[in-house]
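Following: one structure in structure tokens, then a few remarks.
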Amino acid sequence: MKKIFIALPLLFLVLILAFSAPQKSMVGKWVIHYGQGQNINLDFRKDGTVSVAIPAEQFTVTGKYKLKDDILYLSDSTCGSNYWGKYKESFITDDSVYSTMVEDSCMPRKSAVDKATFIRVKM
């Protein structure tokens with residue numbers, strides 16, 4: 001009887017862990033495709049920094065990011081390193097994410113990230 005009382009909670013814990021969703025990650029290289037061949041390239045690094053390049057404009061901006069509960073917090077040198085925007089990230093797959101603005105009054109960042117689909121670049 002004691003074995004059942006020990007085994008039952010252990011089995012319950014294994015089942016919970018087996019069916020819990022893995023943590024989503026933005027770490028890696030991503031691209032946002034816009035019409036007429038325009039792209040934005042994003043590099044989210046493990047250390048919480050991000051680099052964003054707009055090749056058509058020969059423009060690169062750096063900043064910081066955090067992902068918590070599918071909310072992406074972004075700050076960058078264009079809008080001010082202490083000014084964070086918030087975006088809801090809906091993972092379509094592990095390699096594609098749809099981004100919707102929650103709160104951000106920085107127009108350059110908002111126009112690039114709001115209602116954009118990020119596609120992970122396979123290496």
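The values are calculated or read from the model by the stated rules, or taken from the named source; none is laboratory data. Not measured: the values here are computed from a predicted model. When we count neighbours, we look across all protein chains shown, and the Cβ atoms used for this are built from the backbone with ideal geometry, even at glycine.
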(request) Could you check, for the stretch 69-88, whether at least one of its residues is at pLDDT below 95 and within 11 Å of the chain's Cα centre (by Cα)? (result) yes
(request) Looking only at the stretch 37-68, count how many residues are among the charged types (D, E, K, R) and exposed (fewer than 14 other Cβ atoms within 10 Å of the Cβ). (result) 5
(request) Kindly provide the set of residues from the stretch 56-107 that are of a type in the set (Phe, Trp, Tyr), in contact (Cβ under 8 Å) with a residue 12 or more places away in the chain and closer than 22 Å to Ile119 by Cβ, ordered by number. (result) Tyr65, Tyr73, Tyr87, Phe91, Tyr98
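Just to verify a result, which residue in the stretch 4-33, among those that are out of contact with any helix residue (DSSP H, G or I) (no Cβ under 9 Å at 6 or more places or on another chain) and at pLDDT 85 or above, is surrounded by the most Cβ atoms within 10 Å (Cβ to Cβ)?
Once the filter is applied, the top-ranked residue is Trp30.
Hey, any hits in the stretch 107-114 for a residue that's small (Gly, Ala, Ser), surrounded by fewer than 13 Cβ atoms within 10 Å (Cβ to Cβ), in a loop (DSSP other than H, G, I, E, B) and at pLDDT below 95?
Scanning the stretch 107-114, I find no residue that is small (Gly, Ala, Ser), surrounded by fewer than 13 Cβ atoms within 10 Å (Cβ to Cβ), in a loop (DSSP other than H, G, I, E, B) and at pLDDT below 95, so the answer is no.
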(message) With the structure loaded, tell me whether Lys122 is in contact (Cβ under 8 Å) with a residue 24 or more places away in the chain, within 22 Å of His33 (Cβ to Cβ) and loosely packed, with under 13 Cβ neighbours inside 10 Å or whether it fails that test.
(response) yes
